[in-house]
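One structure below.
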Amino acid sequence: MTTMNTVEDFLRIMRDRPDVREAVRREILSDELLALPQIVAEIGAMVRESQRVQGEHTTRLGRLEGDVTVLKSDVATLKSDMVEVKSDIKDLQTKVGGLIGSDLERRLPTLLPPLLSQRLDLRRTRLVYTPGLLSALDSSFMSSVEDAADEARIADWQEDRLRVTDLILRARRKAGGAEVWIAVEASGTIGRSDIARSSESAAALRAAFEEDAVAVVVGYRIREEEHAQADSGGVNVLVVEEPSG
């Protein structure tokens, strides 16, 4: 049997006898303190697991941020492509509209005189001027317009307006026999700008020649709003049948 006389004897036994050391620990420490190492170990495991999960989340977040960056770039590219597509569509619409308008203008020299004679109660309706065909028509027309500008009967912009008017005709009214000028703007779809240009050309003709002039717009279609604008401005509207094919 081991004899303990001093504290040193007790400590020596504690060091040499694990069973004694464990028995003393159970006597001195509470159950909570005895369980503390296990609790600390479990907390350490939880911390390590949390760090692992956080690392995975950080990795996923990094990937997500990368995906968002790529998505933003793709959206920006798509927007840029859409702008180009819209521009191409607008250019195509302009070109198609120009082709339709040009085709209509080519038909008008033969189409308009009988229509205007009937619509406006005219006779001897004849084409006087259209841009690009001056040599085949009345070559004195633009000379008279230039003289009117030189004499300040019309402004320079009015001279320019008459130069680009789609068609200018001359006729005689059945009632009274007075001469009248006709300013025509043609477009596949008659718009507000066509109405305004026709009205300006008619006003310039009245001022340049000091004679009556009427404004006419002609096309394949016109909206109700534009038709009302033409009526209120005293501009005659002619809607002609669009050629098939």
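The values are calculated or read from the model by the stated rules, or taken from the named source; none is laboratory data. Just so we're clear, the structure is a prediction, and the values are computed from it rather than from any experiment. FYI the Cβ positions are ideal-geometry reconstructions off the backbone, even for glycines, and counts take in every protein chain you see. Surface accessibility is based on the protein's heavy atoms, side chains included, excluding ligands, DNA and RNA. Shrake-Rupley method; radii C 1.70, N 1.55, O 1.52, S 1.80 Å.
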*Filtered residue count, region 223-242, keeping only those that are open to solvent by 60 Å² or more (accessible area, probe 1.4 Å), out of contact with any strand residue (DSSP E or B) (no Cβ under 7 Å at 6 or more places or on another chain) and either assigned to a loop (DSSP other than H, G, I, E, B) or in contact (Cβ under 8 Å) with a residue 12 or more places away in the chain (or both)*: 3
*Sort through Val75, Val85 and tell me the only one that's of a type outside the set (Asp, Glu), assigned to a helix (DSSP H, G or I), open to solvent by less than 80 Å² (accessible area, probe 1.4 Å) and at pLDDT below 65.*
Val85
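I need the strands (runs of 3 or more DSSP E) fully contained in region 111-210, keeping only those with at least 3 residues that are surrounded by fewer than 21 Cβ atoms within 10 Å (Cβ to Cβ). Talk me through it step by step, then tell me what you get.
Numbers: elements: 122-129, 167-173, 179-186.
In region 111-210, the matching strands (runs of 3 or more DSSP E) lie at 122-129.
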_Residues that are of a type in the set (Lys, Arg) and either in contact with a strand residue (DSSP E or B) (Cβ under 6 Å, 6 or more places away or on another chain) or at pLDDT 95 or above (or both), drawn from region 182-210_ = Arg197, Arg206
